[in-house]
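The values are calculated or read from the model by the stated rules, or taken from the named source; none is laboratory data. Keep in mind that this is a model prediction, so the values were computed, not measured. In this analysis, Cβ positions are derived from the backbone assuming ideal geometry, glycine residues included, and neighbour counts consider all displayed protein chains. Note: accessible area is taken over every heavy atom of the protein model, side chains too, but ligands, DNA and RNA are not part of it. Shrake-Rupley method; radii C 1.70, N 1.55, O 1.52, S 1.80 Å.
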Amino acid sequence: MHFICVEFYSNNFGSSKTSSGAGSCAEVFPSSSGKNTVFFASAFARFFASFSKKDCEVFFALAPRSIDVLDEYLPALYSPERNDSVIEILEPSCLPYIDLEEAIKKHGDEYTWFLTDHHWTPLGAYYAYVALAEQLGFAPFELSEFEFETVSESFFGTTYSKAGIYSVPPDRITLLRYAGDEDFKITSPETGE
């Protein structure tokens, strides 16, 4: 079903919410403060404590949001609250923290975030993987060891559909492939398939 003028309405709604400084445009940019932060931090602290008793090493890495990494591109009225509030609450637990935000920021001029979605691209995920590998003590694969395979040049993500700003061009999805990556088999324990 197609609604008449839905693109026009959505585009104007998204543009007006963003330019007015209203903050959220259908929850495209969720806040990292308030009750959710305390709930998340306390749940993680309990999780960390339960695994610590089992003599299991636990690390904490908070996936940054695009607005944290690319904040210089935000409208002047935006004042994004950082993920720091979660980290500050968790700090007393002394858990090892892996900073992925700074790892991604180093590559801010590269295609690390989708324009139409709130997720990082496979390249952005690669830089997070490198940061994790360095902190966990194993050598990451070099970027040159991967073959780049573009599987879509017309991807429109959730930010595009929620914000309704249809003037943004589509994203491309490029996979980082390596020899033997199709040799994996995943079986569901519920179905056996």
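Below is a table of values for the structure above.
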quantity: Residue selected from the stretch 81-139 under the condition among the hydroxyl-bearing types (S, T, Y) and at pLDDT below 85, by the criterion farthest from F59 (Cα to Cα); calculated: S85
quantity: Verdict on E102 being under 18 Å from L70 (Cβ atoms) and out of contact with any strand residue (DSSP E or B) (no Cβ under 7 Å at 6 or more places or on another chain); calculated: yes
quantity: Every residue from the stretch 166-180 that is touching a strand residue (DSSP E or B) at 6+ places or on another chain (Cβ under 9 Å), closer than 17 Å to F146 by Cα and either touching a residue at least 12 places away in the same chain (Cβ under 8 Å) or of a type outside the set (A, V, I, L, M, F, W, C) (or both); calculated: I173, T174, L175, L176, R177, Y178
quantity: Selected residue (only one of T187, T159 is open to solvent by less than 100 Å² (accessible area, probe 1.4 Å), out of contact with any strand residue (DSSP E or B) (no Cβ under 7 Å at 6 or more places or on another chain), closer than 30 Å to P140 by Cβ and not in a loop (DSSP other than H, G, I, E, B)); calculated: T159
quantity: Any pair with Cβ under 6 angstrom, 6 or more apart, that starts in the stretch 140-165 at a residue that is more than 13 Å from L123 (Cα to Cα) and ends at one that is of a type in the set (G, A, S); calculated: P140/A133; K162/A26; A163/G14; G164/S10; G164/G14; I165/G14
